[in-house]
Amino acid sequence: MHLIKREISGARSRRRSVGGVSLIEVLVSIVIASIGLLALAGVNTASMRYTKMSQYRATASQLASDMGERMRANKGQAAVAAVVGPPAIPAVVASGFFAGDYDFTSDFAGQATKATIPAALNVPTDSKYLCSKQASVCSAAEIAALDLAQWRILVRDQLPAGSVFLMRQAGQVAMDLWVVWRDPAVASTEDAPALTTECPDDLHRGDDPEPASIRCSFFRINL
């Protein structure tokens with residue numbers, strides 16, 4: 001009788017042990033599955049993030065190409081000194097691109113608000129309205145001012161906090177152009193090192209509360 005009781009008790013102990021092991025295995029499986037799901041979520045997030053970054057850079061390239069065409073259409077003339085002669089040749093005043101009419105070197109903070117069309121070129125009844133009427137007598141400087149305003153509006157509409165920075169290359173018929181935007185999705189420390197040479201110094205990116213979120217695409221436009 002005692003032997004039977006001991007056997008029954010031992011069987012119950014073994015069942016409890018097996019049941020405990022099974023529960024631990026289930027819990028471990030749940031933990032492993034959770035880690036796998038978190039890793040998958042991280043991969044998906046990173047994939048979406050880099051896809052969006054590629055889209056921003058593609059948009060920046062299209063915008064840079066647009067400004068390049070605008071500058072080529074209003075290239076103007078380089079300054080030429082007068083020649084006493086004979087024959088006497090009058091001086092030529094620089095205009096358009098050569099006069100620096102397309103230079104734009106405002107820092108990022110200075111472009112916090114959306115650009116507007118110059119008031120003098122935005123009167124529908126005026127001959128200079130958007131420099132588009134046949135009777136328009138816009139100067140090269142006015143056309144450049146309109147080009148810059150319209151282009152900056154496009155940049156702001158197509159990119160988050162879209163901004164720009166344009167600076168002529170001394171001694172070359174070329175423009176260094178940066179298209180700038182704010183990308184909160186990549187405002188992390190792992191991206192920060194790549195930004196040290198991505199934007200021009202005069203953009204003063206470091207003065208921004210979230211400097212790592214400011215991204216730049218650089219283009220050199222040869223005219």
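Residues in the stretch 108-123 that are within 18 Å of A144 (Cα to Cα) and surrounded by fewer than 11 Cβ atoms within 10 Å (Cβ to Cβ): T116, A119. Scanning the stretch 101-109 for any residue that is without any contact (Cβ under 8 Å) to a residue 24 or more places away in the chain and either of a type in the set (S, T, Y) or out of contact with any strand residue (DSSP E or B) (no Cβ under 8 Å at 6 or more places or on another chain) (or both) turns up nothing. Selection within the stretch 56-80: residues that are among the basic types (K, R) and part of a helix (DSSP H, G or I). The member of this set that is farthest from C131 (Cα to Cα) is R57.
Summed over the stretch 144-182, the residues that are touching a residue at least 60 places away in the same chain (Cβ under 8 Å), surrounded by fewer than 19 Cβ atoms within 10 Å (Cβ to Cβ) and part of a helix (DSSP H, G or I) give a count of 2. Residue check: T105 meets all listed conditions (1) under 22 Å from R215 (Cβ atoms); (2) surrounded by 14 or more Cβ atoms within 10 Å (Cβ to Cβ); (3) not acidic (D, E) but one, namely (2).
Quick note: the coordinates plus some simple rules give every number you see, no bench work behind them. Keep in mind the model is a prediction, meaning the values are calculated, not measured. A quick note on method: Cβ atoms are made from the backbone with ideal geometry, for glycine too, and the neighbour counts reach across all protein chains shown.
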